[in-house]
1. Could you list which residues have their amide H under 5 Å from that of Leu109, counting only those 5 or more apart in sequence or on another chain, with H placed in the peptide plane?
2. Mind listing the Cα extents of the stretch 26-120 along all three principal axes, in Å, largest one first?
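What follows draws every value from the coordinates through simple rules; no lab data is involved. Note that the structure is a prediction, hence the values are computed from the model and not measured.
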Amino acid sequence: MRFQALAITLAVFAAACMAPLAFAQPGTIFNYTIHVDFFAYSCSLSVTEVSLYDSPGNVIGTASSPYGGEVVIPLSSQTPITTLTAVASGQASWSSYNWPVDGSRSITLGTTGDYWITITMN
């Protein structure tokens, strides 16, 4: 009985020690879904390009939205992405007037999951 308890304790201890190694295995993929929303005061938007940048400044995703609103950009990485910057550019219109707009916003990410960014277009 005492031996069984010791064996179970050692097995649990060994599993607990090896668990972090399973998460740090080479080939681990971190998946993110980035939802980028756009906002402009009293006008229609045509967002011609959205680019996502990691903290060193590398482009890691792009999309466009012909009607403003929202774009969804899935990302996969072999290392966690800690900071993400979304940069958007496009055109706003009101009545017969059109003008270029842009905006950006940065957020901090966790290990995986869905994240939302709202960009005010200026």
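1. Residues meeting the amide H criterion: Thr83, Leu84.
2. Here the Cα extents, ordered largest to smallest, are 55, 21, 17 Å.
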